Structures are given as structure tokens and as C-alpha cells.
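One structure is given below, encoded as C-alpha cells.
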Amino acid sequence: MILSVLGVDGGYSSDDPGYPPAPPGSKAENFIVEPSPFTIGADTFQADYGTITVPECRSKSASRLIHLPFLRIRSSLRHPTEPVVGLAGGPGASNMYWDWAKAATLLAEHDFILVGYRGIDGSVTLECPEVTEAVRECDSPLSDEAMERIGHAYTSAAQRLLDSGIDLDGYTMVEVIEDNESVCKALGYGRINLLGESYGTRVAYLYGLRHPERVHRSALIAVNPPGGFVWEPGTIDAQLKQYAVLWSRDPLMRSRCSDLYTAMHSVLAAMPRRWLFLPISADKVKIATFGLLFHRSTAAMVFDAYVAAAEGDYSGLAVMSLAYDYMVPSLSTWGEPASKAASADYDSSRDYMREMTPAGMPLGSPMSAFMWGPLQHTHWPTCALPEELRRTQRSDVQTLLLGGSVDFSTPVVNATNKLLPYLPNGRQIVFSECGHVKDMWEANPDNMRLILTTFYRTGIPDVSKNTYIPMDFTVSWGFPKIAKAALSIIFCLLLALVVLAVYLVRKHLLRSAVLLQSVTLL
């Protein structure tokens with residue numbers, strides 16, 4: 001989903017090594033494929049690197065054509081079952097960069113297919129340097145002034161993209177679905193399986209609504225149901241309280257801070273403007289806090305920093321404020337969420353800035369304010385999805401919902417309450433005290449592999465290895481420690497420079513004295 005914290009900008013294009021360029025004069029649905037070996041760890045598979053030509057906006061008969069890369073890694077099985085189509089997180093990141101170990105898990109029985117996300121991969125990218133610069137220049141990114149400034153940057157970026165000939169109406173999840181359909185049909189597949197992660201789960205769910213006869217089984221990891229691109233402050237607050245309960249069950253953590261939630265509330269209500277010579281922006285700290293809460297390991301670092309701040313040491317929050325400057329401005333290819341997320345979930349009747357910062361909630365929903373507030377000051381010219389795709393509907397596709405119990409990016413409660421009731425052939429598995437996608441893959445890899453392979457094979461996931469994994473709040477290198485280590489290094493470097501300067505001055509003075517003595521003797 002938006003703000004993966006470790007999101008990747010850009011992606012493969014049809015000109016990248018391995019992806020053959022589209023021949024001149026390519027027509028819609030034309031494609032070209034070049035076979036090549038593909039190595040995953042110690043194993044080598046046969047793969048097809050391809051480029052397909054598709055309309056930029058299929059609803060317009062005179063639409064220009066664009067080119068997208070795709071990759072098929074062939075199964076080691078002689079006669080594989082339905083292929084698995086991968087749909088990665090975002091929007092704002094590529095679909096051509098995957099942890100290939102995930103693909104290796106499935107290649108024993110299935111081909112694995114990736115199709116580039118339009119607007120990121122291929123011949124058109126929705127880069128918005130205007131937005132990147134506006135985000136970088138705002139000291140208080142959640143202020144009304146910042147919202148207006150970033151909104152105007154979106155307007156300028158949209159106009160530049162339109163002037164360059166890009167039809168922004170073509171950059172929606174519906175078009176992404178049809179891109180995948182074009183590739184799968186070109187490769188000769190009948191029914192397919194889907195594997196969606198975060199944002200990709202929304203694409204997968206909508207895929208099943210548009211082409212139910214084509215989707216065999218669909219596994220959704222970190223589920224984003226309709227409306228899920230907006231992080232609601234009440235849900236975030238409840239999750240903070242859930243973490244506080246987990247914290248209180250750890251005797252060592254409880255001895256450091258008896259009430260984690262109250263400590264965070266106090267720190268956020270009275271944050272200083274600097275620590276030593278390092279500035280602290282409360283807005284930047286809030287945004288960084290939310291992003292770092294996505295995963296177990298970084299969440300522990302967040303809580304460590306807040307507890308230290310409650311004791312008067314704000315060094316960790318200064319590091320988080322500084323981290324924002326290096327991470328957030330270039331976090332996303334901003335035109336893609338402005339097109340794909342906004343066309344799905346943006347509601348012009350909502351005052352996002354006010355609704356996402358309610359009184360009495362220490363954190364509120366900073367990323368919702370940051371992502372949606374600027375759109376109230378601009379018009380990004382992408383048509384909204386049809387109303388039936390903007391709300392939850394019944395889907396009869398066999399669907400497996402996988403979620404972490406402390407996932408702030410895609411709260412598991414959203415899948416439970418907003419999507420599962422509409423899936424008569426759906427089943428949900430919750431991973432104890434795991435966060436977003438990476439946590440579920442890494443906490444118990446054998447568990448995830450077993451669940452996915454058995455679900456795709458039989459429709460019934462084997463959960464025998466889904467054991468309880470308690471949250472570990474222990475931090476070896478927290479932000480306060482990092483801040484002090486960096487400060488020590490800076491001090492040592494300055495001291496070394498001073499010593500060097502004194503040495504050079506003394507050497508120069510000694511040389512001058514020798515020369516003066518020589519002149520006197522003459």
C-alpha cells in the first residue's frame with residue numbers, strides 16, 4: 001500500500017535489459033517474448049521476458065498505445081496447474097521487483113507471472129518532481145499551508161503530464177486488471193490464480209469482480225478492501241492501545257514504562273522543537289511514526305524512542321524527524337497514488353485534514369492527512385472508478401485473506417469486518433502479532449509457504465505451522481542510541497580536525513621560526 005516505507009521508485013521499462021523493445025508500429029495487444037534462464041538462489045528456471053502493447057485508455061477508441069513489460073517464470077513441473085499472477089504493493093512502486101523466494105515457493109506447481117504496473121513500469125511513468133520538491137520544502141507537512149502547497153504542486157504536475165500527451169484517465173486499477181488479462185490471454189492461459197500484496201489485494205479483489213470466470217483462487221496478503229486507502233484515526237488509536245496492552249504484558253518493558261499509550265500521548269502533546277542542534281518537526285515525527293509502525297522490528301524502535309522521550313531524551317525523535325527528510329519526499333512515484341488510489345477511494349465531501357486529526361487521539365491519522373489533504377486543493381484529472389467498484393460487493397471467488405494482528409498499513413479488522421462477509425467462499429487467517437507483508441513472510445517462512453501452496457492446490461490452506469509468535473519489544477540499536485553514536489562520531493571527527501589544525505599551525509609556526517632564525521644569522 002501507499003508508503004511501504006521501503007517502497008521502490010520507478011521500475012522496469014520495455015527498454016531494460018531482458019525486456020525486448022516493442023517493434024515499431026506495434027498494434028494493440030501485440031506482444032514480443034524472448035526466452036532466457038532465470039536464477040533464484042541455487043535453482044535455474046526457464047523464463048520469458050516480454051513486452052505488450054496496450055491502449056492507454058481502453059474506454060476511448062482513439063486512445064494512443066503504451067508498452068508494458070511482463071515476466072513469466074516457468075514452473076519446474078512438466079504440466080503445471082493454473083499460473084499465479086503476482087500483484088505487488090503500492091500504488092507508487094513497481095510490480096517487477098519481487099522477493100524471488102516468494103516465486104520459488106510456487107514454481108514447483110505453477111508458472112509465475114508479473115505484468116508491469118502502468119504509470120510505473122513501461123513506456124510511461126507518472127513521475128511528479130513538483131510534488132517531491134514541495135514535500136521536501138515543507139517543514140510542517142501537516143499544516144494547512146503545506147497541504148495547499150503540495151496540492152498546487154499536484155496541479156502543476158498534472159498539467160505537465162497532460163501537456164506531454166499522457167491521458168491520466170487511463171491510470172486506474174481497472175486498466176491494470178485489463179493489462180494482466182491481455183498478457184494472460186496472449187500467453188494462452190485459461191483460469192489463473194492471483195497473489196496480491198497490500199495494494200495488490202485490491203486489484204486482485206476487483207479482478208475477481210470483473211472476471212469471476214477467469215479467477216480460480218485468490219490469495220490476499222495484507223488486505224486492502226474498498227475504502228482501505230484511507231487510514232481511519234479511530235482504527236489507528238485502537239491499534240496503539242492494543243500495542244500498549246502487549247507492552248504491559250512484558251515485565252521488562254513494563255518496568256521501563258507502565259503505560260505506553262499515555263506516554264506517547266504526553267510526548268506528542270509537548271514535543272520540543274529541537275534536540276541539541278537537531279531540529280524536531282512534530283508533523284514529520286508523526287508521519288515517520290506511522291510508517292515505522294508497519295512492521296514489528298521498526299515498531300519496537302518507535303516505542304523505544306517514545307519511552308526515552310517520556311524520560312526527557314528526545315534524541316530518538318530527532319532522528320525520526322531527520323529520517324523523514326531522506327525517506328518521504330522520494331518515497332513514491334506520486335502520480336500513481338494520485339491516479340489509482342484517488343480514483344478508488346477519494347471522497348470530495350470529506351475534510352481529511354480535520355477528520356484525520358481528531359482531539360483526544362495522540363497520533364490521529366497523519367498519513368491520511370498527508371496523502372489526502374492536498375487533493376482538496378487540486379484537481380487530478382483521473383476519472384473515478386465506477387460506483388460498484390468503489391464499494392464492497394459479493395465475490396464467489398475462492399479467496400484466502402491473510403493479515404497480521406498489528407498491521408497498521410492494512411489493519412486486519414478491515415478485512416474481517418469489511419470484506420470477509422462478502423466472500424461466501426472466503427477464509428481468513430490472522431498471524432499473531434505480525435505487522436505488514438514482510439512480517440508475515442519472515443516471521444515463519446515455512447508457515448506462509450505451506451499455507452499458500454496447499455490453498456492453491458486444494459482450496460484449503462494447511463495451517464498446522466501457524467504458531468503463536470509473541471511481539472518482541474527488545475531493541476539493540478534504537479533511535480536514541482543511533483543519535484548518540486552519530487553525535488559521538490561527529491564529535492570525534494571535529495576533535496580530529498581540531499587536532500590536525502593545531503598540528504598544522506604549530507608546524508607552520510615552527511617552519512616560520514626556523515626561516516626567521518636563518519635570515520637573522522645571515
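Mind checking whether some residue in segment 207-214 is closer than 25 Å to T399 by Cα, part of a helix (DSSP H, G or I), touching a helix residue (DSSP H, G or I) at 6+ places or on another chain (Cβ under 7 Å) and of a type in the set (F, W, Y)? Checked against the condition, which is being closer than 25 Å to T399 by Cα, part of a helix (DSSP H, G or I), touching a helix residue (DSSP H, G or I) at 6+ places or on another chain (Cβ under 7 Å) and of a type in the set (F, W, Y), segment 207-214 yields at least one hit.
Residues considered: G360, G403, G335. Of these, the only one that is farther than 30 Å from E213 by Cα and crowded, with 22+ Cβ neighbours inside 10 Å is G335.
Quick check: anything in segment 311-318 in contact with a helix residue (DSSP H, G or I) (Cβ under 8 Å, 6 or more places away or on another chain), buried (at least 21 other Cβ atoms within 10 Å of the Cβ) and under 25 Å from A93 (Cβ atoms)? Checked against the condition, which is being in contact with a helix residue (DSSP H, G or I) (Cβ under 8 Å, 6 or more places away or on another chain), buried (at least 21 other Cβ atoms within 10 Å of the Cβ) and under 25 Å from A93 (Cβ atoms), segment 311-318 yields no hits at all. Going by the conditions given, is I166 β-branched (V, I, T), outside any helix (DSSP H, G or I) and at negative phi? The answer is yes for I166.
If the condition is being over 22 Å from L331 (Cβ atoms) and surrounded by fewer than 24 Cβ atoms within 10 Å (Cβ to Cβ), then segment 106-124 contributes L106, L107, A108, E109, S123. Can you name the residue in segment 1-33 that is closer than 30 Å to S330 by Cα and at pLDDT 55 or above and, of all such residues, is surrounded by the most Cβ atoms within 10 Å (Cβ to Cβ)? That would be M1.
When A186 is tested against the conditions (1) of a type in the set (A, V, I, L, M); (2) within 16 Å of G92 (Cα to Cα); (3) surrounded by fewer than 18 Cβ atoms within 10 Å (Cβ to Cβ), the lone failure is (2).
Scan segment 268-311 residue by residue and report those that are aliphatic (A, V, I, L, M), out of contact with any Pro (no Cβ under 8 Å at 6 or more places or on another chain) and part of a helix (DSSP H, G or I). Matches in segment 268-311: A282, V285, A288, L292, A299, A300, M301, V302, V307, A309, A310.
How many of the residues making up segment 420-442 are hydrophobic (A, V, I, L, M, F, W, C) and over 21 Å from the mean Cα position of the chain (by Cα)?
Total satisfying the criteria: 3.
Against the list (1) closer than 30 Å to E355 by Cα; (2) touching an Asp or Glu at 6+ places or on another chain (Cβ under 9 Å); (3) of a type in the set (A, V, I, L, M, F, W, C), the condition L209 fails is (1).
Annotation note: of P386, P381, P374, P358, the sole residue that is over 23 Å from the mean Cα position of the chain (by Cα) and farther than 23 Å from P225 by Cβ is P381.
The sole residue among E197, E178, E232 that is charged (D, E, K, R), more than 22 Å from G122 (Cα to Cα) and out of contact with any Cys (no Cβ under 9 Å at 6 or more places or on another chain) is E232. Beta carbons closer than 7 Å, at least 6 apart along the sequence or on distinct chains, pair a first residue in segment 423-441 that is under 17 Å from I460 (Cα atoms) with a second that is assigned to a strand (DSSP E or B) and among the β-branched types (V, I, T) for L423/T399; N425/T399; G426/T399.
When each of S76, S123, S59, S36 is tested for being outside any loop (DSSP other than H, G, I, E, B) and either modelled with pLDDT under 95 or farther than 30 Å from T289 by Cβ (or both), the lone residue that passes is S36.
Within segment 315-330, one or more residues are more than 15 Å from V230 (Cβ to Cβ) and aromatic (F, W, Y). Name the single residue, out of those in segment 40-99 being under 22 Å from the mean Cα position of the chain (by Cα) and over 19 Å from S123 (Cβ atoms), that is surrounded by the fewest Cβ atoms within 10 Å (Cβ to Cβ). This residue is D99.
Taken over segment 370-387, the criterion of being touching a residue at least 60 places away in the same chain (Cβ under 8 Å) and within 22 Å of N417 (Cβ to Cβ) is satisfied by W372, L385. When residues of segment 62-72 are filtered for being in a loop (DSSP other than H, G, I, E, B), at pLDDT 95 or above and not polar (S, T, N, Q), how many remain? Final tally of qualifying residues: 1.
Applying a threshold of 6 Å to beta carbon distances and a minimum spacing of six or more residues, or different chains, the list of pairs starting in segment 345-362 at a residue that is farther than 23 Å from L268 by Cα and of a type in the set (D, E, K, R) and ending at one that is modelled with pLDDT of 95 or more and surrounded by 10 or more Cβ atoms within 10 Å (Cβ to Cβ) reads D345/G227; D345/F229; D345/V230.
One line per residue, one yes/no per condition, for (1) crowded, with 16+ Cβ neighbours inside 10 Å; (2) out of contact with any strand residue (DSSP E or B) (no Cβ under 8 Å at 6 or more places or on another chain); (3) within 15 Å of Y326 (Cα to Cα):
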position	(1), (2), (3)
M271	yes, yes, no
L276	no, yes, no
I280	yes, no, yes
A288	yes, yes, yes
G291	yes, yes, yes
H295	yes, yes, no
F303	yes, yes, no
Y306	yes, yes, no
A309	yes, yes, no
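Among residues that are touching a Phe, Trp or Tyr at 6+ places or on another chain (Cβ under 6 Å) and either among the polar types (S, T, N, Q) or closer than 20 Å to T382 by Cα (or both), A186 is not included. For segment 458-483, filtering for residues that are out of contact with any helix residue (DSSP H, G or I) (no Cβ under 6 Å at 6 or more places or on another chain) and either in a loop (DSSP other than H, G, I, E, B) or exposed (fewer than 15 other Cβ atoms within 10 Å of the Cβ) (or both) leaves 12. Take the conditions (1) crowded, with 17+ Cβ neighbours inside 10 Å; (2) at pLDDT 95 or above; (3) not in a helix (DSSP H, G or I); S140 misses just one of them, which is (1). Every condition in (1) touching an Asp or Glu at 6+ places or on another chain (Cβ under 7 Å); (2) in a helix (DSSP H, G or I); (3) within 23 Å of T410 (Cα to Cα); (4) small (G, A, S) is met by G234 except one, and the failing one is (1).
The values are calculated or read from the model by the stated rules, or taken from the named source; none is laboratory data. Being a predicted model, the structure only gives us computed values, none of them experimental. So basically every Cβ, Gly included, is an ideal-geometry build from the backbone, and we count neighbours across all protein chains shown.
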